[in-house]
1. Going by the conditions given, is Ala344 among the hydrophobic types (A, V, I, L, M, F, W, C) and either over 24 Å from Gly128 (Cβ atoms) or touching a His at 6+ places or on another chain (Cβ under 9 Å) (or both)?
2. Please work out if Asp428 is crowded, with 16+ Cβ neighbours inside 10 Å, without any contact (Cβ under 8 Å) to a residue 40 or more places away in the chain and either in the same structural domain as His61 (by TED's automatic domain parsing) or touching a strand residue (DSSP E or B) at 6+ places or on another chain (Cβ under 8 Å) (or both).
3. Select, from Thr338, Thr305, Thr358, Thr322, the only residue that is assigned by TED's automatic domain parsing to the domain that holds Gly146, of a type in the set (S, T, N, Q) and in contact with a His (Cβ under 9 Å, 6 or more places away or on another chain).
4. Name every residue in segment 351-370 that is touching a residue at least 24 places away in the same chain (Cβ under 8 Å) and surrounded by fewer than 20 Cβ atoms within 10 Å (Cβ to Cβ), in order of residue number.
5. Give segment 129-139 a look and list any residue that's surrounded by fewer than 21 Cβ atoms within 10 Å (Cβ to Cβ) and in a loop (DSSP other than H, G, I, E, B), or say none.
6. Checking Leu126 against (1) in a loop (DSSP other than H, G, I, E, B); (2) under 29 Å from Ser161 (Cα atoms): exactly one of these is not met. Which one?
7. From Pro132, Pro190, which residue is out of contact with any strand residue (DSSP E or B) (no Cβ under 9 Å at 6 or more places or on another chain) and under 24 Å from Gly57 (Cβ atoms)?
Amino acid sequence: MSKCQQIHRRDCLKAGGLSLLGLDLPSWFHLRQAMAEERAIGNRPRAKACIFLFMWGGPAHQDTWDMKPTAPVEYRGEFRPIDTNVPGLQICEHLPLLAQRADKLAVIRSMTHDDVDHTSATHYPLTGRRTPRRGAGLGEDWPSIGSVVSKLGRGTGPLPSFISMMPVVPNGAPRFVESSHGQGAGWLGPTFDPMRIDADGSKPDYKVGDFELLADVPSTRSSLRRELLGVMDERDGQIESNELVQATRSHYERAFTLLSSKGAVEAFDLSQEPASVRERYGMNVHGQSVLQARRLVEAGVPFVTVFWPNDGLTNVSVYWDTHNRNFIDLKTRLCPVTDQAFSALLDDLQERGMLDETLIVWTGEMGRTPRIGQGVVGGAGAGADGRDHWASCFTSVLAGGGVRGGTVYGSSDRFAAYPASNPTAPQDLVATIYHSLGIDPHLQLRDSLGRPLTICDGSPIAPILA
């Protein structure tokens, strides 16, 4: 009641009805505090775009960004830490390129939550909200950051505001990421789902869709088709009000616009990049996806998500989900690829004068167990050389627009098991992204029932903001 005395009576009456929207009184007070902190920081946009590098599967934080060299061997693992170009900051020996660019990075070593299920845990860092309920459909999700950006009309030109890189891989390898929550528009409706690129940019025949008119369809005929489609859409107001129909119409309009825009189509053409640039990123699925993301941002796309692909190899860990072969796979096929692509992206953006206005986010949905070979904790257990799921502590890394480089925020305990200082929830990471993009994290958007819902209840991480 003492808190109620400090705020307007009308606000207290509002608080009484918040449970209808799934927000209890303590959460409401937390949101009020977060809003006050946001106002104190200010909300001037620093980034025009964001490239979200999502390491699906849960990277082992203690074997990458948060080494524990003094811990017992069954915790610290096989890798050694190396110095970076930031005094006092060390990272894994298998990230040498990023070590020389640490002055551009903000490393958050105290990320934490309690969801160890891959498909639902992804919802948290992609939206800033927990999954609505176990077993919910993707349409019930909270909207991803990119979908909110799209809803707000960010971006210029004919290209979509939100594009997701999720390449199809060979050999029929499992693609669990497709069923993961938080990657689309959820209750905002399919109009704001991302355009998905599932082609493999490392292949010589890489092509994103058919953005050229067929030989028997001249531009005049295409224009007539577009007019006819508009007439048909206006015939039935009841059908027009259906959100799936609206989404389809929106996609048709975008397709027609792309067909008539040579510049937009060229953004998808990796062959226009010099061979030396492509090789800097790495001639592999992930490296070329990151390069594609840079080209899209340069062309005016404000939000691009790059999901780590399953490369289709057999007898290896799926994505970053290293239940077995943790050190073999990190050393040979995970760390080297991300080290090359991430560092190339930093250099490329800086050379083009884009780094200060492009936010880069590198994270997974969780980390890995403190002890190697630890029994079943939240996944399928771990082999003698693996680590199981672990969400109590992990690391996220940011760089570029709005971020103070050369910083470390938070810390983990001696076993990298739990935060030792500044525990940071995913909603705070998401609030930081929104803040850098000049979007109020506590913005309210209406769902299909017209209810105003606050997109994020976190607070921007002030110490890592420039």
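1. Working: among the hydrophobic types (A, V, I, L, M, F, W, C): yes; either over 24 Å from Gly128 (Cβ atoms) or touching a His at 6+ places or on another chain (Cβ under 9 Å) (or both): yes.
In short, yes.
2. For Asp428, the condition - crowded, with 16+ Cβ neighbours inside 10 Å, without any contact (Cβ under 8 Å) to a residue 40 or more places away in the chain and either in the same structural domain as His61 (by TED's automatic domain parsing) or touching a strand residue (DSSP E or B) at 6+ places or on another chain (Cβ under 8 Å) (or both) - is met.
3. Answer to the check: Thr338.
4. Arg352, Met354, Asp356, Glu357
5. Residues satisfying the conditions are Arg130, Pro132, Arg133, Arg134, Gly135, Ala136, Gly137.
6. (1)
7. On the way: Pro190 fails: under 24 Å from Gly57 (Cβ atoms).
The match here is Pro132.
The values are calculated or read from the model by the stated rules, or taken from the named source; none is laboratory data. Computed from a predicted structure; not experimentally measured. When we count neighbours, we look across all protein chains shown, and the Cβ atoms used for this are built from the backbone with ideal geometry, even at glycine.
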